[in-house]
Amino acid sequence: MSSDILIVEDSLTQALRLKMILEREGLTVSWVPNGRVAVELATEKPPRAVIIDVNLPELDGFKVCQALRTHPATAEAALILLTVRDHAQDTLTGLDAGATAYIPKDDYAEANLLQALRDLAILDPEPVEASWG
């Protein structure tokens, strides 16, 4: 069975934090620590979305995006770059590589990631509270 989400992150601490947040939202999550393994796993068992760090061993996040975007099994998957690299040129490089979204790792990263997953219909929208009055 494939996961809803594949996390590609070389930091165990960051990967486990993301995994916990996403599983709390009801998603099934897998994790791999490098780009080469990510491409192999994602193309064998395509997830709905792949969350990819840019700075990875063996194959960087930009190359992972390119490989997944051009492979028939993952061409339609949501590819989200989640990275400390926040320069405009890095964002353009990521989007040119096929990323669906580019999210800097800052104080708002988790909220932005969850919103991106909602926008992509991978997570249900947040319920809207009724306003009376």
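Scanning region 12-65 for residues that are in a helix (DSSP H, G or I) and of a type in the set (V, I, T), we see that the one that is farthest from D106 (Cα to Cα) is T43. For region 27-57, which residues satisfy the criterion of being touching a residue at least 40 places away in the same chain (Cβ under 8 Å) and more than 15 Å from I80 (Cα to Cα)? Passing the criteria: L27, K45, P57. Here L92 meets each of (1) over 13 Å from the mean Cα position of the chain (by Cα); (2) in a helix (DSSP H, G or I); (3) within 20 Å of E9 (Cα to Cα); (4) of a type in the set (A, V, I, L, M) with one exception, condition (3).
Condition first: in contact (Cβ under 8 Å) with a residue 40 or more places away in the chain and buried (at least 19 other Cβ atoms within 10 Å of the Cβ). Can you find one or more residues in region 107-114 that meet it? There is at least one residue in region 107-114 that is in contact (Cβ under 8 Å) with a residue 40 or more places away in the chain and buried (at least 19 other Cβ atoms within 10 Å of the Cβ).
Taking the listed residues R85, R24, the one that is surrounded by fewer than 17 Cβ atoms within 10 Å (Cβ to Cβ), more than 11 Å from the chain's Cα centre (by Cα) and farther than 15 Å from L6 by Cβ is R24, with no other qualifying. Of the set (1) in contact (Cβ under 8 Å) with a residue 40 or more places away in the chain; (2) assigned to a strand (DSSP E or B); (3) of a type outside the set (S, T, N, Q), all apply to L81 but (1).
Laboratory data are not the source of any read-out in this text; all were calculated from the coordinates shown. As the structure is a prediction and not an experimental result, all values here were calculated from the model. Note: ideal-geometry Cβ built from the backbone for every residue, glycine included; neighbour counts use all protein chains shown.
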